Structures are given as C-alpha cells and as structure tokens.
Amino acid sequence: MRYVVDTSAIINLTEKLSDEVIDVFKESMTVDLAYYEIGNFLWKVGKTHLLEDFINILKFLKIESIGLSDEVLTFAMEERITYYDAAYLFLSRKYNLTLISDDQDLINKGAKRTSDILTQ
C-alpha cells in the first residue's frame, strides 16, 4: 500500500479514469465511510447511472472500517477537523501512507492533490 484516498480523490480520479488511475487505486486504501460519501455525491448530483462504475472502482481499493472510534474522535478534536476528515488522516498516519485528497482542509494537513499524484 502506498496511499490512503479520500472520497474527493476517488471521485476526481474516477472522472479521469485511465490505467494510471487504476494503478493508483490498486496501491490504495480508504475508509468504509467512502461508500456513504460516494452515495451521497451520486444522489446530490443526480448521477445514479454511475453507481455501478463506483462499485467496480471500489473493488480495487482495500477498505478499512473505522466505525465510531475514541482514537479518531480524539484525533479530530486535536487536529480541529471533522470526524470524516479525521478518519482518512488517521488511517494515513496509522499506516504511514500518503493521503490523497482534493479537500482543502486535508491538503492543509499535508495531503497530496490528485493532480500531484498523477504527474509523478
């Protein structure tokens, strides 16, 4: 594993789908929270026809369940970020992996943008 990808990265990388993106996903993990965030994204933008595409993309990623965790909650409070964001950042720090995100709050905490990863 090389990366933790948050939902913004999964969505943005899926839009750019290529062999390079699939290779990134094969070396990545995410939090099970991504299922719900992607579902909410598809609902919000009215693109339910893309559901199957995201289901297939998520098969390339290792998914870790965080659940409701005292460690993550404490981490969120210390970092002054949402529990959602803390789950991804916590996972990246736990496994010493690069976090990929297009969320500005996480970029401010050291995450790499999707555009930075694809140009390496």
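Mind counting the residues in the stretch 41-54 that are within 20 Å of S101 (Cα to Cα) and out of contact with any helix residue (DSSP H, G or I) (no Cβ under 9 Å at 6 or more places or on another chain)?
2
Return the pairs, sorted by first residue and then second, in which the second residue is of a type outside the set (G, A, S) and modelled with pLDDT of 90 or more, the first residue lies in the stretch 108-120 and is part of a loop (DSSP other than H, G, I, E, B), the beta carbons are less than 6 Å apart, and the residues are 6+ apart or on different chains.
The qualifying pairs are K109/L89; A111/L99; R113/D102.
Every residue, every condition in (1) on the phi > 0 side of the Ramachandran plot; (2) among the β-branched types (V, I, T), yes or no:
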residue	(1), (2)
T7	no, yes
E20	no, no
L33	no, no
F41	no, no
R80	yes, no
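Would the stretch 58-67 turn up any residue that is over 16 Å from the mean Cα position of the chain (by Cα) and over 23 Å from I117 (Cβ atoms)?
Looking only at the stretch 58-67, we keep the residues that are over 16 Å from the mean Cα position of the chain (by Cα), and these are none.
No - not one qualifying residue is present in the stretch 58-67.
The values are calculated or read from the model by the stated rules, or taken from the named source; none is laboratory data. Since we're looking at a predicted model, the values are computed, not measured. Counting neighbours? That spans all protein chains shown, and the Cβs are built from the backbone with ideal geometry, glycine included.
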